[in-house]
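To start, the structure under review is shown below, and the notes come after it.
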Amino acid sequence: MTIETTNKKFSSQANVIGPKITVRGLTKRFGNELLYSQFDLDILGGAITCIFGPNGCGKSTLLNVIAGLAPYDSGRILFGEKTLKETKVGYVFQNYRDALFPWMRAVDNIKYPLKVAGLSKIQQKLRVEELIALFSTKIDLHRYPYELSGGQQQLISIMRALATGPEVLFLDEPFSALDYEATLTIRDKLQEVFQLSCLTTVMVSHDLEEAVYMADKILLLTKRPTRVAEIIDFYAERPRTAATLSEKEFIYTKARCLDIFKREVYK
Ligand SMILES: Nc1ncnc2c1ncn2[C@@H]1O[C@H](COP(=O)(O)OP(=O)(O)OP(=O)(O)O)[C@@H](O)[C@H]1O
Ligand SMILES: [Mg+2]
């Protein structure tokens, strides 16, 4: 199966641009520590937003709250006009070692959300075949996670997150524990997926170059109490390649983000 045919199946499945995400009046505390207070945010639908900000400013917490993995004290979060419960989301964790079920073979890890969603064994098998084609992966999916490299495990995590055809994909520093080669490969695979489907993607990155390279919008957060410092657009065509890194627009955008980051960290 070629990527093009998978594309049709993907788009017939989703067939819509991922929803915008609206956060209004978000308040989030950890004990006495107020992390977000009356926090508002608009995340563009069908685009990649990369979150960048100082250590400990609350990037993971924001992702977790929006994705429903962490509770919040007050506020409203909508996906288009829908609630989280009415929206299909996928999540890729930073620590792939803890994210996969170690007692399940890679293929069963990918199938797991499909099983939970009630798909038949045949449907599960077909969907896994689509994902294999989409990522053109040659990984032996009958291996257990411990028998795979870090990059391969993270790729399995990403395939699992995409298995049910989510409208929104969350990734928290998905490359931070990977070597450079695995990072480049998976980044480019992800770009292909973004080009084929119009998921709303929200990714945390601690690497500014990577954040700009991947993003349509770079969301820059301040140190605590956390606010949106600025949201910067990056319009370069996809697929972005090594050549993108030396283009004027890329260098300019990265420098602008760095200026804002420094201003917010050192003030
Ligand atoms: N479960 C928790 N209980 C108490 N405090 C927490 C919890 N999770 C996060 N925090 C605190 O909230 C703040 C933000 O944490 P968070 O992990 O969201 O930041 P981050 O921007 O993702 O950091 P990093 O850059 O290190 O990944 C930190 O001060 C952290 O100590
Ligand atoms: Mg974090």
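The values are calculated or read from the model by the stated rules, or taken from the named source; none is laboratory data. The structure displayed is predicted, hence computed values, not measured ones. Glycine gets a Cβ as well: all are built from the backbone with ideal geometry, and neighbour counts include every protein chain shown. Please note that ligands, DNA and RNA were not included when accessible areas were found on the heavy atoms of the full protein model with its side chains. Shrake-Rupley method; radii C 1.70, N 1.55, O 1.52, S 1.80 Å.
Is it the case that some residue within the stretch 35-50 is assigned to a loop (DSSP other than H, G, I, E, B) and within 16 Å of ligand 1 (Cβ to nearest atom)?
Scanning the stretch 35-50, I find no residue that is assigned to a loop (DSSP other than H, G, I, E, B) and within 16 Å of ligand 1 (Cβ to nearest atom), so the answer is no.
So which of PHE10, PHE93 ends up being within 16 Å of ligand 2 (Cβ to nearest atom) and either in contact with an Asp or Glu (Cβ under 8 Å, 6 or more places away or on another chain) or at pLDDT 95 or above (or both)? Criteria check complete, one pass: PHE93. Reported count of residues in the stretch 197-227, each being open to solvent by 40 Å² or more (accessible area, probe 1.4 Å) and touching a residue at least 40 places away in the same chain (Cβ under 8 Å), is 9. Restricting the first member to the stretch 133-145 and to residues that are touching a residue at least 40 places away in the same chain (Cβ under 8 Å) and assigned to a loop (DSSP other than H, G, I, E, B), and the second to residues that are open to solvent by 20 Å² or more (accessible area, probe 1.4 Å) and aromatic (Phe, Trp, Tyr), the beta-carbon pairs closer than 9 Å and six or more apart or on different chains are TYR144/TRP103. Put simply, of LYS88, LYS115, LYS28, LYS20 the only residue that is open to solvent by less than 20 Å² (accessible area, probe 1.4 Å) and basic (Lys, Arg) is LYS28. Number of residues in the stretch 165-178 that are open to solvent by 10 Å² or more (accessible area, probe 1.4 Å) and in contact with a strand residue (DSSP E or B) (Cβ under 7 Å, 6 or more places away or on another chain): the value is 3. Among the residues of the stretch 63-76, those identified as buried (at least 16 other Cβ atoms within 10 Å of the Cβ) and under 29 Å from ILE156 (Cα atoms) are LEU63, ASN64, VAL65, ILE66, ALA67, GLY68. Does ARG127 qualify as being open to solvent by 10 Å² or more (accessible area, probe 1.4 Å) and either part of a helix (DSSP H, G or I) or free of Cβ contacts under 8 Å to residues at least 24 places away in the same chain (or both)? Yes: the conditions hold for ARG127.
Of everything listed in (1) under 16 Å from the mean Cα position of the chain (by Cα); (2) of a type in the set (Ser, Thr, Tyr); (3) outside any helix (DSSP H, G or I), the single unmet condition for SER60 is (3). The listed residues are TYR235, TYR252, and the only one of them that is modelled with pLDDT of 95 or more and either surrounded by fewer than 23 Cβ atoms within 10 Å (Cβ to Cβ) or under 13 Å from the mean Cα position of the chain (by Cα) (or both) turns out to be TYR252.
Residues checked against (1) out of contact with any strand residue (DSSP E or B) (no Cβ under 8 Å at 6 or more places or on another chain); (2) among the aliphatic types (A, V, I, L, M); (3) farther than 28 Å from PHE135 by Cβ; (4) modelled with pLDDT under 95:
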{"site": "GLY150", "(1), (2), (3), (4)": "yes, no, no, yes"}
{"site": "ILE186", "(1), (2), (3), (4)": "yes, yes, no, yes"}
{"site": "GLU192", "(1), (2), (3), (4)": "yes, no, no, yes"}
{"site": "ARG256", "(1), (2), (3), (4)": "no, no, yes, no"}
{"site": "ARG263", "(1), (2), (3), (4)": "no, no, yes, yes"}
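Test LYS121 against the stated conditions and say whether it is open to solvent by 10 Å² or more (accessible area, probe 1.4 Å) and without any contact (Cβ under 8 Å) to a residue 12 or more places away in the chain. Before the answer, list the steps.
Working: open to solvent by 10 Å² or more (accessible area, probe 1.4 Å): yes; without any contact (Cβ under 8 Å) to a residue 12 or more places away in the chain: yes.
Considered against the rule, which asks whether it is open to solvent by 10 Å² or more (accessible area, probe 1.4 Å) and without any contact (Cβ under 8 Å) to a residue 12 or more places away in the chain, LYS121 comes out as yes.
If only residues of the stretch 179-196 that are in contact (Cβ under 8 Å) with a residue 40 or more places away in the chain and of a type outside the set (S, T, N, Q) are counted, the one that is surrounded by the fewest Cβ atoms within 10 Å (Cβ to Cβ) is ASP188.
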